[in-house]
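Read through the structure below, which is laid out as structure tokens, and then see the notes.
The values are calculated or read from the model by the stated rules, or taken from the named source; none is laboratory data. These numbers were taken from a predicted model, which means no experiment stands behind them. Here the Cβ is made from the backbone with ideal geometry for all residues, glycine too, and neighbour counts use every protein chain on show. Calculation scope for accessible area: heavy atoms of the full protein, side chains included, ligands and nucleic acids excluded. Shrake-Rupley method; radii C 1.70, N 1.55, O 1.52, S 1.80 Å.
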Amino acid sequence: MQLRPMLASLSRHRLTVLLLVLQVTFTCAIVCNVAFMIAQRMAQVRLPSGLAENELVTIESDSLDDARPLARHAADLAALRDIPGVVAAAAVDALPFNGNNWSNGVPTAPDAPARLTATAFNGTPGELATLGLRLLEGRDFLPGEYLPVDSAHDWSGLDRVPATIVTKALAERLFPGQDALGRLVYPGNGPVRIVGVVEHLLRPRLRDDAGNEDSMLFPMLPDAGNVVYVLRTSPQQRGQVLERAAQVLRQRDGNRIVHRAQTFEQLRDDYLRHDRTMIGLLLAAATGLLLVTAVGIAGLASFWVQQRRRAIGIRRAVGATRGDILRYFQAENFLIVGGGAILGMALAGVLNAQLMAYYELPRLPLAYLPAGAAALWLLGQLAVLGPALRAAALPPAMVMRGD
Amino acid sequence: MPAYYFALALRSLRRSAALTALMILAIGLGIGASMTMLTVLHVMSGDPLPGRSGLLYVPQLDPQPLERNTPRRAAPGMPDSLTWVDAANLLQARRADRQAAMAGGSLAVRPAQEAAQPFFQPGRFVTADFFPMFGAPFRAGTGWTAQDDAQRARVVVLNAELGRRLFGDASAIGRTVRLKDTDFRVVGVLDDWRPQPTFYAQIDSRIFGRPDQFFLPLQTALDLKFDFSGNYACWGSDGGGRSSDHCTWLQFWVQLDSPAKVRAYRDFLADYWRGQQAHGRFPRPPDARLHGLVEWLALQRAIPGDLRLQLWLALGFLGVCMVNIVGLLLAKFLRRSGEISVRRALGARRRDIFVQFGVESAVIGVAGGMLGLAVAGLGLWSVRQRPDGYAQLAQMDVAMLLGTFALAIGASVLAGLLPAWRACRVAPALQLKTR
């Protein structure tokens, strides 16, 4: 394949070639970044919460009088456990995706600065079993370890609580490369011993960074007016359990507001709806861009084929095979799209830097750049195939007659 | 002549019907998507208080310690809220034309009828100047006085929606509302006041959409230990509490009627910072700030990042479509060099050729614009189906409708300009010779 005549021919169409290169450049840059954003959001949507998601329902109760919350929660739970189909029940404050985030700095030595903050999950005995958390090491809390959160006094239960169970991810972040079980941490004023490690537990609000599982469970009883009851049942019975639970709570005490009765899956879907919308829009944008670019390449190629009928005829007449003509168009496309893709990789980096500055997006992994360029090269070859085959099929004699 | 060119354009476009359709589709989608997002951002960045917003300012102070060792529920950087102590000091100083401190909260409202279930309503705990400062329109009654604030009066101002829900069409003034476990006397009813966004609140995803339904004195709410919503950030290890000087949670607004007063208030804030340092507070170097309303909303990113991203995506798509169409038209026009040369040889001027091809690209542009308008209508409809507070705002207004047309025509003319210019520069002799 001779490069020189091809470049000479392209230089006759400088403006058109420039526009096509420009289009490929923009498409490559945008598609690389969009693909990365889709991957980011997909990862977030798919994060394991650590809970037995399809067996849980939640219902929230806001009491209108502040008297004796602990006794009320205990009596509520006893009544809820009597509902047919309920396997386990617990009163909690925070859940993955429920937005109720109480974070504390977690130093690993007394009076040392905290390197990270972790969400506190408080609940009544049996919380682990109700949520379906998987204990990897250590033990559940002992009955003697439970005490009230003391929400009336700035949640000061945290200063006295003796034990905590952390996620595997948090254990690794607090004590990298060491065994966290049995170690002391200082989220409040006093030492707290890590007595167990669970596999997963997502925070109530997701962030873009690595801290999505910085969660610690405490043996502390919720004692505010607002409380979330979590009930575990079978997937089929969730609807009727929810209905019955709302009735039971209202009957027991009318002086409250019972709301947000929903399955855990609904809670999760509502929280992630924005991400799903974004994934859809990003996918649509990427597909649209690639389609438009493919159409542009194919359209331009077919114009050029028509324009060069004479030249093709002459080349065929002096001995060029059909394969030569086909390869000529493919090589030409390879040059143009390749130029655009290389520029596009550079522009993708620039675009990513802008996105990082304005939208707190992480750095684009380098692997996306060659992948995006390769995708466009492939797309260009596919788009040019039709016109190139048509060019190769032109009968030389007819073209030469000047038809 | 234009009619003839139009007929020529249609004939030429029909010759490559599939490609023409694709070009129209591309420009239509690009314009439709861009206009959808431009409209959404346009309605969301509208002025929440036309006529007053230029007079309203937010003071920003930073009482945090230099090095924090145990961050308890705290965000980095300069706090966007004030502590109770600082808000009270600024209120007492009365150095602005008007000033008010406020915080959000959700309360259980208990209807007078025994059978009716209590329900939660969003509202705001504010000080007396709130209503005159923001020009909140009263349907009946008035706000309360600074004296009521000091006496922790149990008075409430309702927004129209909650007033109607509780009392129907009867007058609510002087009636009693039970909020959580306390009775309040209604002193005023607002005329369905719903500034978009709820600019005076802490800026988060809830500032668009449903407005506050009740307003009651801040000190009364503190006294009754009502639950406040919003970010509550403390530092230091000794337990805080709402009235401490190391927990930020209050929004604070001032009204300043002239540039001279704005300057004076800036100086006052700097003096205040230094004065507090004399008392052992505010260890960080003085850096008091005063933001105008519009600047504040931009600074706090009132418009969600995802929406901006969607706009850039749409504009990027439109840009690629435009480059695509320029390239295709260029190739298409140049392929007709022979035709152009013959016309030129027969006496057509360059200008005639330019107009002929200009008309052809304008046809594509107008058709694409019409399609774009339909796509934008569809896009806005889909935005209205989103479960967000801003969804209901997504309506096309006259300005945006005209803007869509202008964008479509502008885009197509721009796309056609280069190819048409290039076409009219074709040298006739050279082309005719090669035929």
Check your understanding: Looking at the range B:275-292, is at least one residue modelled with pLDDT of 90 or more, open to solvent by 60 Å² or more (accessible area, probe 1.4 Å), more than 10 Å from chain A (Cβ to nearest Cβ) and part of a helix (DSSP H, G or I)?
Key -> yes
Revision key, fill the gap. Over the range A:356-377, the set of residues surrounded by 20 or more Cβ atoms within 10 Å (Cβ to Cβ) and within 20 Å of B:Asp306 (Cα to Cα) is A:Leu364
Exercise for review: Using the structure shown, decide if A:Ala367 is more than 14 Å from chain B (Cβ to nearest Cβ) and either under 16 Å from A:Val24 (Cβ atoms) or touching a Gly at 6+ places or on another chain (Cβ under 9 Å) (or both).
Suggested key: no
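For residues that are assigned to a loop (DSSP other than H, G, I, E, B) and open to solvent by 20 Å² or more (accessible area, probe 1.4 Å), scanning just the range A:53-67, find the one that is nearest to the other protein chains (Cβ to nearest Cβ). Show your work before the answer.
As a first pass, look at the range A:53-67 and keep what is assigned to a loop (DSSP other than H, G, I, E, B): A:64-67.
Add one more test, that the residue is open to solvent by 20 Å² or more (accessible area, probe 1.4 Å), and what stays is A:65-67.
On the way: A:Asp65: 6, A:Asp66: 8, A:Ala67: 10 Å.
The selected residue is A:Asp65.
Which ranges mark the strands (runs of 3 or more DSSP E) fully within the range A:140-239 that have 2 or more residues being within 14 Å of another protein chain (Cβ to nearest Cβ)? Give the derivation first.
Details: elements: A:163-167, A:192-198, A:215-218, A:226-232.
Hits in the range A:140-239: A:226-232.
Take B:Leu378 and tell me if it is aliphatic (A, V, I, L, M) and either away from every other protein chain (no Cβ under 14 Å) or more than 30 Å from A:His274 (Cα to Cα) (or both).
Working: aliphatic (A, V, I, L, M): yes; either away from every other protein chain (no Cβ under 14 Å) or more than 30 Å from A:His274 (Cα to Cα) (or both): no.
It is false that B:Leu378 is aliphatic (A, V, I, L, M) and either away from every other protein chain (no Cβ under 14 Å) or more than 30 Å from A:His274 (Cα to Cα) (or both).
Do we have A:Ala29 as among the small types (Gly, Ala, Ser), in a helix (DSSP H, G or I) and more than 14 Å from chain B (Cβ to nearest Cβ) here?
On the way: among the small types (Gly, Ala, Ser): yes; in a helix (DSSP H, G or I): yes; more than 14 Å from chain B (Cβ to nearest Cβ): no.
No.
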Check your understanding: Looking at the range A:68-80, is at least one residue closer than 30 Å to B:Ala420 by Cβ, open to solvent by less than 60 Å² (accessible area, probe 1.4 Å) and out of contact with any Lys or Arg (no Cβ under 9 Å at 6 or more places or on another chain)?
Key -> no
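Would you call A:Ala89 more than 14 Å from chain B (Cβ to nearest Cβ), small (Gly, Ala, Ser), under 34 Å from the mean Cα position of the chain (by Cα) and over 17 Å from A:Gly196 (Cβ atoms)?
Numbers: more than 14 Å from chain B (Cβ to nearest Cβ): yes; small (Gly, Ala, Ser): yes; under 34 Å from the mean Cα position of the chain (by Cα): yes; over 17 Å from A:Gly196 (Cβ atoms): yes.
So A:Ala89 fits the description; yes.
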Check your understanding: Does B:Val187 qualify as being among the hydrophobic types (A, V, I, L, M, F, W, C), away from every other protein chain (no Cβ under 14 Å) and open to solvent by less than 10 Å² (accessible area, probe 1.4 Å)?
Key -> no
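Any residue that is β-branched (Val, Ile, Thr) and either open to solvent by 40 Å² or more (accessible area, probe 1.4 Å) or assigned to a loop (DSSP other than H, G, I, E, B) (or both) - is there at least one of those in the range B:218-237? Spell out the reasoning first.
Going residue by residue through the range B:218-237, those that are β-branched (Val, Ile, Thr) are B:220.
From what's left, either open to solvent by 40 Å² or more (accessible area, probe 1.4 Å) or assigned to a loop (DSSP other than H, G, I, E, B) (or both): none.
Looking for residues that are β-branched (Val, Ile, Thr) and either open to solvent by 40 Å² or more (accessible area, probe 1.4 Å) or assigned to a loop (DSSP other than H, G, I, E, B) (or both), one finds none in the range B:218-237, hence no.
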Check your understanding: Restricting attention to the range B:110-167, and to residues there that are within 14 Å of chain A (Cβ to nearest Cβ) and without any contact (Cβ under 8 Å) to a residue 40 or more places away in the chain, which single residue is most open to solvent (accessible area, probe 1.4 Å)?
Key -> B:Glu114
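Enumerate the helices (runs of 4 or more DSSP H) found wholly within the range A:245-362, keeping only those where 2 or more residues are within 9 Å of chain B (Cβ to nearest Cβ) and modelled with pLDDT under 90. So that I can check it myself, show each step before the final result.
Values: elements: A:264-307, A:309-317, A:322-359.
Fully inside the range A:245-362 and qualifying: A:264-307, A:322-359.
Quick check on my filter: what residues within the range A:95-126 are within 14 Å of chain B (Cβ to nearest Cβ) and either outside any loop (DSSP other than H, G, I, E, B) or closer than 25 Å to A:Gly239 by Cβ (or both)?
Once the filter is applied, which keeps residues that are within 14 Å of chain B (Cβ to nearest Cβ) and either outside any loop (DSSP other than H, G, I, E, B) or closer than 25 Å to A:Gly239 by Cβ (or both), the range A:95-126 yields A:Gly99, A:Asn100, A:Ser103, A:Asn104, A:Gly105, A:Thr117, A:Ala118, A:Thr119, A:Ala120.
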Study note, to complete from the structure: Sole miss for A:Gly288 among (1) closer than 29 Å to B:Phe333 by Cα; (2) in contact (Cβ under 8 Å) with a residue 40 or more places away in the chain is condition (2)
